[in-house]
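Read through the structure below, which is laid out as structure tokens, and then see the notes.
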Amino acid sequence: MIELQEYIDRLGRNPFERWYEKLDDTTRARIVVTLDRLSRGSLAAKGVGAGVMELRMDFGPGYRVYFGKDGDTLVILLGGGTKKRQQADIETAQQLWREYK
């Protein structure tokens, strides 16, 4: 089993939670199911550079969750977004990952 944790920055902000809380209930439920699968190691994610991985979800506007792996059993959730803002979201996630490391 892989442990999922949300990144909290030096100021106590949680970028993943801030994004997640803006979503409607149905979308949140679907993301929870996807993250549960990730924690069981059954989903493949794509590397987007600088140690950040992108988990794509094929519903709605093309949701994405960004994370980094810290060892074999710990995933740090950095944020989320949609296909429309993909490049900006990737850059933000990469910066957050650098801060984490």
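Read-outs: derived from the displayed coordinates by stated rules, not from any lab. Being a predicted model, the structure only gives us computed values, none of them experimental. Ideal geometry is used to build each Cβ from the backbone, glycine not excepted, and the neighbour counts take in all protein chains shown.
Considering Thr26, Thr92, Thr82, which residue is surrounded by fewer than 16 Cβ atoms within 10 Å (Cβ to Cβ) and touching a Pro at 6+ places or on another chain (Cβ under 8 Å)? Criteria check complete, one pass: Thr82. Inside the range 47-81, residues that are of a type in the set (Ser, Thr, Tyr) and over 11 Å from the mean Cα position of the chain (by Cα) make up a count of 1. Answer yes or no as to whether Tyr66 is touching a strand residue (DSSP E or B) at 6+ places or on another chain (Cβ under 7 Å) and in a helix (DSSP H, G or I). No: the conditions fail for Tyr66. Listed by first and then second residue, the pairs linking a residue in the range 24-38 that is part of a helix (DSSP H, G or I) to a residue that is buried (at least 17 other Cβ atoms within 10 Å of the Cβ) and of a type in the set (A, V, I, L, M, F, W, C), with Cβ atoms under 6 Å apart and 6 or more places separating them unless they lie on different chains, are Thr34/Met57. Considering the range 5-58, and only residues there that are touching an Asp or Glu at 6+ places or on another chain (Cβ under 8 Å) and basic (Lys, Arg), the residue that is farthest from Glu99 (Cα to Cα) turns out to be Lys46. Within this structure, Lys69 fails the test of being charged (D, E, K, R), in contact with a Pro (Cβ under 8 Å, 6 or more places away or on another chain) and without any contact (Cβ under 8 Å) to a residue 40 or more places away in the chain. Evaluating Gly47 against the criteria (1) in a loop (DSSP other than H, G, I, E, B); (2) surrounded by fewer than 12 Cβ atoms within 10 Å (Cβ to Cβ); (3) out of contact with any Leu (no Cβ under 9 Å at 6 or more places or on another chain) leaves one unmet condition, (1).
For the range 50-63, taking the residues that are of a type in the set (A, V, I, L, M) and not in a loop (DSSP other than H, G, I, E, B), the one that is surrounded by the most Cβ atoms within 10 Å (Cβ to Cβ) is identified as Val52.
Quick grid of which residues meet (1) in contact with a His (Cβ under 7 Å, 6 or more places away or on another chain); (2) more than 19 Å from Leu4 (Cβ to Cβ); (3) not charged (D, E, K, R):
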{"position": "Arg37", "(1), (2), (3)": "no, no, no"}
{"position": "Arg40", "(1), (2), (3)": "no, no, no"}
{"position": "Ala44", "(1), (2), (3)": "no, no, yes"}
{"position": "Val48", "(1), (2), (3)": "no, no, yes"}
{"position": "Gly68", "(1), (2), (3)": "no, no, yes"}
{"position": "Gly81", "(1), (2), (3)": "no, no, yes"}
{"position": "Lys84", "(1), (2), (3)": "no, yes, no"}
{"position": "Ala93", "(1), (2), (3)": "no, no, yes"}
{"position": "Glu99", "(1), (2), (3)": "no, no, no"}
